[in-house]
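Reviewing the structure listed below.
The values are calculated or read from the model by the stated rules, or taken from the named source; none is laboratory data. Since the model is a prediction, treat every value here as computed from it, not as a measurement. Cβ placement follows ideal geometry from the backbone for every residue including glycine, while neighbour counts extend to all protein chains displayed.
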Amino acid sequence: MSETRQTAPGLGDRIAGTGLRVTRQRLRVLEELAREPHDLTAQDLYRRLRDAGEKIGLATVYRTLGSLVEHGVVDTLAHSPGETCYRLCSDAHHHHLVCSECHRVVELGECGIEPWLEAAAAREDFVPTSHHVEIVGVCAGCR
């Protein structure tokens, strides 16, 4: 798991570094994601923010997450059928192990997939421009 969780000042810098304007809503969304060691759905994030007294609408949470994903600040995970989960991760290239039972997320910093990907793509006359790997399984704590 990534140990690069950030404080509010670091989060503001991360937003600003993408060219996005630093707003209270963006900071609050990132602060709440930074508190979560694994991932959250937009609905879960909205409930947490509202429970903490934040006056923010669900549509604002979705728009904010969409913008943060588009600018590479937040990662999406698709391990929950029908729902996107969101996670604040490190800036470096990485992949995820996700527990299907408890939703524990482990960030994998090493990536050995490039040689296989290049060979598989070449066989199909395809040029890969990026990749995203999410491996879903069951962690030791849930077995």
Look through the stretch 61-76, keep the residues that are surrounded by fewer than 17 Cβ atoms within 10 Å (Cβ to Cβ) and of a type outside the set (A, V, I, L, M), and return whichever of them is nearest to the chain's Cα centre (by Cα). T76
Can you tell me which of (1) in contact with a helix residue (DSSP H, G or I) (Cβ under 8 Å, 6 or more places away or on another chain); (2) surrounded by fewer than 13 Cβ atoms within 10 Å (Cβ to Cβ); (3) of a type in the set (V, I, T); (4) within 25 Å of A34 (Cβ to Cβ) is the one V133 doesn't meet? (1)
L45 vs (1) in the same structural domain as I15 (by TED's automatic domain parsing); (2) loosely packed, with under 15 Cβ neighbours inside 10 Å; (3) closer than 30 Å to R143 by Cα: all pass except (2)
Tally, over the stretch 67-79, of residues that are part of a loop (DSSP other than H, G, I, E, B) and among the β-branched types (V, I, T): 2
Being more than 27 Å from R14 (Cα to Cα), surrounded by 13 or more Cβ atoms within 10 Å (Cβ to Cβ) and not aromatic (F, W, Y) narrows it down to one of C111, C85, C99, so name that one. C99
